[in-house]
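The values are calculated or read from the model by the stated rules, or taken from the named source; none is laboratory data. Keep in mind that what you see is a predicted model, and the values were worked out from it rather than measured. In this analysis, Cβ positions are derived from the backbone assuming ideal geometry, glycine residues included, and neighbour counts consider all displayed protein chains.
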Amino acid sequence: MKTRWLPLLLASLGTLALLRIAIPPMTVHETPPISSADCRSCHPDVWEEWQSSHHAFAFKNPEVRRLSQNFLNEECLACHAPRGVLSFAPGERVLARESDRGLGVDCLACHAHPKGGVATTNLRPDPRAACAPRTEIRTAAVETCGSCHNQHGTVDQWREAPLELKQESCLSCHMASTFRLHGRKGKNHTFPAAHSLESLKSAVTLALIRETKLGQTGRVIVSLTNSGCGHHFPTDERSRAADLQWRVKTHQEWNAWQHLYRFRDPYRDEADLENTQLPAGDTWQETLEFPAEAVGFEVRLLYRTNPFQSDEEAVEVVRQELAF
Amino acid sequence: MKPWLPLLLLASCAPPDTPETSSWVAGLSLKENLIGSGSEGLPTLTPEQFNEYQAWSGASILGGEIARRPNRKLIELSALLRTSFLLQLVESRQVNLPTKQWAYGWWAKAPHDAGLPRMVLRLRYEKDPTSVILLSQGLLLLKNASGLDAIHHLLADENLANQTRQLAKDSLSYLPNHPGDGASFAQEWQALNDCRQSWVKTQDFGKINSSAEFEAEFWKMAQRFKSQPLRPVDEARFVFRRLGPPAFGLLMKAAKDPNRYVREHTLQTMAWIGEPLGRWLLPQAPFWRAFFKNALRDTLTRTRALAALGGTGMAEASLLIFPYLENGNREVQTAAADALLRSCPENNFQRLSMFLALESRISPEARFSLSLLLQTRPKAPPELDPAEIERRRRWRTQRWSP
């Protein structure tokens, strides 16, 4: 009896094993959420925060559209509609996803766990939650942000920054702790950065020091210090520029603004330009002379998200007037 | 019968792979392929060699009697050394305009296919009209029409200098379908447009036997796919999209590279090539079926493999794609729907209708792609971006397979 069915069984097993190799496996059992839109019902407050962020705006941002020729430059898609970053090795470049691109850098971009379900930094995730949360410390790691934000060297700049400015990680400045409904503590998902005037203001310090000089002209030392930024100022996209401008007041009227200095990492084909970003903790300064008849002198810092923006479109970060 | 035996049998029918596993089989790495090409590609010039050749070029540019000797030396130089020197000149940011035009002039007279990848890349960066025309002439001699759009653009520019216009007109005699001596400009213009159209569909202007050096240069260029900064990746994609059939087989080898980024970007490039690749693959059914069956097993790059397969536009491709639409996750379903939009023949539309009727949770992208196949003017989902809608409408009209 034993000898009759054993070869049959072994043959069946062998056939099944061969079939398993020959037929391409294709079904993937998904753990919810399958789209970031699913996150909204349980986390409406986080969803609202994220919706006001530039992560949510990443794919639809008209300025990005213009600079990427409406994503004809498909390489831009990788960071503006990325797959889950945790499915890549730490710090490695992320790749573009196929679906729900309109959601930009969505919940799953940072929270999709490679093994299914969502990744959280919570050490005791609720096992009953529909999204099957798993603790994954990497979610909050610098390298995770670096998959996109080191394309232009921001994370490398942060590594070189003075300790007092770099703080613990990207989250220290860009995802501060917040309290939501019922006193629940969490991380703010609005990601304040260059698009927030408050963040820009906290990044730099503008100072004017008047020097007395014999003769007909006045002298002023203008300085800008990267005093609150854990990376260069400005950083990330090469399109970003910060311009210092100055003007004098004579006979009760302010003259036109004059260009003083541009802080920017130029595009690769702008071979004649130098990188003039202001590293964390560094100070730039220049001495200016102005006519003796001046009755007023002021300097302002304009921030542009692209170098061709007019003064009217740019954001005025800070303006300082010299006391006469 | 032992009670555990049925359990063992069931275990052997275990569910298919999960996202972190893959039954895909890797091929040779880029380095191994480079060694396998039997060549090291274009030689790297020593500084002494470069300086010597540069002195010749300086005298050659002056023309007249003084140019005779250096020109002869350049002619006597091996084609590979000369091509390497010309490339080094035109790739330099410091080169002045006369030297650059001189270098492209030599390329136009005696191009070697080992220079193809890097010369095609010059099309992306070269701004000087004369240089672009000469560069395109050399490419045409190697049966590569990537520069024709630039020539078309220049001829349509009313402000182009007369001398440059004449040079652009002269290049039309390089067209494989040139109507012959004495043809009117209207006839030549028509020939140019026919060629451009044909290139878009086939990228094939006749068989050429690629050299081992060309293959080696291909593998060297493919190294850029490993780059973490995106610029080198984008450069390689730009080039490989324009190399035509000499690169198709090599791309399919690169798509088996053990490096995930190399596979991803190679398959993406194949998807962008689209129709010419499909026309090239169509007569080689066993080859492409085996290739894509293997590529689709790779869970990491499955969406890109689907895009490459759909991009070929071959009706038969849809048979391989359907299971991924019906059983894939959201990403895979979207890629499969887009691939079907580019390839699915009408006799499979009923299967699509049934799928759409039963499946409610597919992405807006996938739903719109499938609707485009089944309806003449479907309403686009509000969450879809206009550019995404436009791209899919374009795919719908670009289908070539019956």
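Worth a mention:
- Residues in the stretch B:222-251 that are assigned to a loop (DSSP other than H, G, I, E, B) and within 14 Å of another protein chain (Cβ to nearest Cβ) were compared, and the one that is surrounded by the most Cβ atoms within 10 Å (Cβ to Cβ) is B:241.
- Per the listing B:231, B:237, B:224, the residue uniquely in contact with a Pro (Cβ under 7 Å, 6 or more places away or on another chain), free of Cβ contacts under 8 Å to residues at least 40 places away in the same chain and within 20 Å of residue A:93 (Cβ to Cβ) is B:224.
- Residue check for residue A:293: closer than 18 Å to residue A:322 by Cα and touching a residue at least 40 places away in the same chain (Cβ under 8 Å): yes
- Selection from the stretch A:101-122 of residues that are of a type in the set (D, E, K, R) and farther than 18 Å from residue A:78 by Cα: A:115
- Picking from residues in the stretch B:60-77 that are in a helix (DSSP H, G or I) and of a type in the set (A, V, I, L, M, F, W, C), the one that is farthest from residue B:131 (Cα to Cα) is B:66.
- Pairs with Cβ under 7 Å, 6+ apart, first in the stretch A:128-150 and assigned by TED's automatic domain parsing to the domain that holds residue A:170 and among the basic types (Lys, Arg), second modelled with pLDDT of 95 or more and part of a helix (DSSP H, G or I): A:138/A:86; A:138/A:144
- Within this structure, residue B:296 passes the test of being free of Cβ contacts under 8 Å to residues at least 40 places away in the same chain, within 14 Å of another protein chain (Cβ to nearest Cβ) and surrounded by 21 or more Cβ atoms within 10 Å (Cβ to Cβ).
- Residue check, residue A:148 among the hydrophobic types (A, V, I, L, M, F, W, C), buried (at least 17 other Cβ atoms within 10 Å of the Cβ) and within 14 Å of another protein chain (Cβ to nearest Cβ): yes
- Listed here are the strands (runs of 3 or more DSSP E) enclosed by the stretch A:198-250 that have at least 3 residues being buried (at least 21 other Cβ atoms within 10 Å of the Cβ): A:217-226, A:241-250.
- Residue satisfying condition, being within 27 Å of residue A:162 (Cβ to Cβ), among the β-branched types (Val, Ile, Thr) and more than 18 Å from the chain's Cα centre (by Cα), within set A:318, A:220, A:295, A:248: A:318
- The stretch B:78-137 holds helices (runs of 4 or more DSSP H) entirely within its bounds, and those carrying 3 or more residues that are in contact with a Pro (Cβ under 7 Å, 6 or more places away or on another chain) map to B:79-91.
- Matching residues, the stretch B:252-272, being within 14 Å of chain A (Cβ to nearest Cβ), touching a residue at least 60 places away in the same chain (Cβ under 8 Å) and part of a helix (DSSP H, G or I): B:262
- Residues in the stretch A:88-119 that are part of a helix (DSSP H, G or I) and either more than 8 Å from chain B (Cβ to nearest Cβ) or among the acidic types (Asp, Glu) (or both): A:103, A:107, A:108, A:109, A:110, A:111.
- Enumeration of residues in the stretch A:47-79 that are within 11 Å of chain B (Cβ to nearest Cβ) and either buried (at least 22 other Cβ atoms within 10 Å of the Cβ) or in contact with a Ser or Thr (Cβ under 6 Å, 6 or more places away or on another chain) (or both): A:59, A:76, A:79
- Taking every residue in the stretch A:267-280 that is within 14 Å of another protein chain (Cβ to nearest Cβ) and pairing it with any residue that is loosely packed, with under 10 Cβ neighbours inside 10 Å, at least 6 positions away or on another chain, the pairs with Cβ-Cβ distances below 6 Å are A:271/B:93.
- The residue that is farthest from the chain's Cα centre (by Cα), counting only those in the stretch A:268-287 that are farther than 12 Å from residue A:226 by Cα and of a type in the set (Asp, Glu), is A:286.
Each row is one residue, and each column tells you yes or no for (1) among the β-branched types (Val, Ile, Thr); (2) over 29 Å from residue B:337 (Cα atoms); (3) modelled with pLDDT under 95.
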| residue | (1), (2), (3) |
| --- | --- |
| A:99 | no, no, yes |
| A:108 | no, no, no |
| A:114 | no, no, yes |
| A:128 | no, yes, yes |
| A:132 | no, no, yes |
| A:144 | yes, yes, no |
| A:150 | no, yes, yes |
